[in-house]
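Only one structure is covered here, and it is reproduced in the block below.
The values are calculated or read from the model by the stated rules, or taken from the named source; none is laboratory data. Predicted, not measured: the structure shown is a model, and the values here were computed from it. Every residue, glycine as well, gets a Cβ built from its backbone with ideal geometry; the counts of neighbours run over all protein chains shown.
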Amino acid sequence: MTSEVWLPFDPADIDGLPESLDYRFWDGEQDFPADPADCAFYVVPYMKSSEISVRPMAEMTSVRVVQTMSAGIDHVQPGLGLLPKGVQLCNARGVHDASTAELTLTLILSSLRGVPDFVRGQDREEWRSGFRPALADKSVLIVGYGSVGAAIEDRLAPFEVARVARVARSARETERGPVHPITALPELLPDADVVVLITPLTEQTKGLAGAGFLARMKDGALLVNVARGGVVDTKALLAELESGRIRAALDVTDPEPLPKGHPLWHAPGVLISPHVGGPTSAFLPRAKRLLVDQFHRFVNREPMRNVVLTTGA
């Protein structure tokens, strides 16, 4: 049975790797490092297109684990039907919690306090003072309460928000309070000053923040998307932004990258960052720890972490 691993990092830079595995470095280059049919454990290149991520999968006839370096799996889903039955797909749950939560708070605070306007004023040597909204006393709704959603709430705690409401696919209880089912959104949206989207992109969440969703947001509310661009209906969002009724802070867009000339670039009340929630100095240490643990589990035939699905199941 093959013990070959395809890895988008130089194995020499990762301490603690099991010596019994045979590592091949591949980060999406045109040429494969070896025959894909011999790969047993495929670590998907990080921040590469779906086309690149999926390209070797049809030939991976011996693969048993596919590990993404992102929490989302939408970029590899087109290739899952090409894999043998019984392959475990694992995501990088926990790797991006700190970075994405940091950016979420950055986007919220920057948008509320008018930081982009300050920067434009500085460029023009203009002193743009005045009152701005604070995060304190605001109501925040987190849509997608997984590990990143919980990390966002961790960082909201010191800011004296009035309350945090949590929404996930299904209802449950946490130490902080209830998590509401996604069906409760129509009742929760009108009370939220800040709505944070951090849900995976699935058939159920594609276009979730459409015209009806946005219409239920209160006047002056802020929509923050750190999930995937496709979770928001861009046309519906543009209509709301251009009316001036709500504002938005977006780390992800649809389409992405946002092309030159797209009206979202200059829509009123929008702050855009170029999908930088995950790639920070916090990424590599956490990614390496996850991979070392996963490889040892693989070698020792222990249960893998973060299993999202098994092909053919």
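Considering (1) farther than 21 Å from V292 by Cα; (2) part of a loop (DSSP other than H, G, I, E, B); (3) in contact with a Gly (Cβ under 8 Å, 6 or more places away or on another chain), the lone condition that A71 does not fulfil carries the number (1). Within the stretch 206-255, being exposed (fewer than 15 other Cβ atoms within 10 Å of the Cβ), in a loop (DSSP other than H, G, I, E, B) and of a type in the set (D, E) holds for one residue alone: D219. Selection of the stretch 111-139 for residues being surrounded by fewer than 17 Cβ atoms within 10 Å (Cβ to Cβ), modelled with pLDDT of 95 or more and either on the phi > 0 side of the Ramachandran plot or assigned to a helix (DSSP H, G or I) (or both) yields R113, V115, P116, D117, F118, V119, R120, G121, Q122, D123, E125, D137.
Within the stretch 107-116, is even one residue among the small types (G, A, S), in contact with a helix residue (DSSP H, G or I) (Cβ under 8 Å, 6 or more places away or on another chain), in the same structural domain as R247 (by TED's automatic domain parsing) and touching a residue at least 40 places away in the same chain (Cβ under 8 Å)?
Yes, the stretch 107-116 contains a residue that is among the small types (G, A, S), in contact with a helix residue (DSSP H, G or I) (Cβ under 8 Å, 6 or more places away or on another chain), in the same structural domain as R247 (by TED's automatic domain parsing) and touching a residue at least 40 places away in the same chain (Cβ under 8 Å).
Any residue in the stretch 227-247 that is farther than 22 Å from V140 by Cβ, modelled with pLDDT of 95 or more, within 21 Å of the chain's Cα centre (by Cα) and of a type in the set (V, I, T)? Looking through the stretch 227-247, at least one residue is farther than 22 Å from V140 by Cβ, modelled with pLDDT of 95 or more, within 21 Å of the chain's Cα centre (by Cα) and of a type in the set (V, I, T). State all residues of the stretch 17-32 that are without any contact (Cβ under 8 Å) to a residue 24 or more places away in the chain and touching a helix residue (DSSP H, G or I) at 6+ places or on another chain (Cβ under 6 Å); if no residue qualifies, say none. Matches in the stretch 17-32: Y23 only. Being at pLDDT 95 or above, in the same structural domain as A192 (by TED's automatic domain parsing), of a type in the set (V, I, T) and in a helix (DSSP H, G or I) is true for just one of I142, I152. Which residue is that? When all the criteria are applied, what remains is I152.
If you check E173, E187, E203, which single one turns out to be out of contact with any Asp or Glu (no Cβ under 7 Å at 6 or more places or on another chain) and part of a strand (DSSP E or B)? After ruling out the rest, the residue left standing is E173. Number of residues in the stretch 78-89 that are part of a helix (DSSP H, G or I) and either touching a strand residue (DSSP E or B) at 6+ places or on another chain (Cβ under 9 Å) or surrounded by 20 or more Cβ atoms within 10 Å (Cβ to Cβ) (or both) equals 2.
If I filter the stretch 271-281 for residues that are in a strand (DSSP E or B) and either buried (at least 16 other Cβ atoms within 10 Å of the Cβ) or outside the structural domain of P116 (by TED's automatic domain parsing) (or both), do I get at least one hit? Yes, the conditions are met somewhere in the stretch 271-281.
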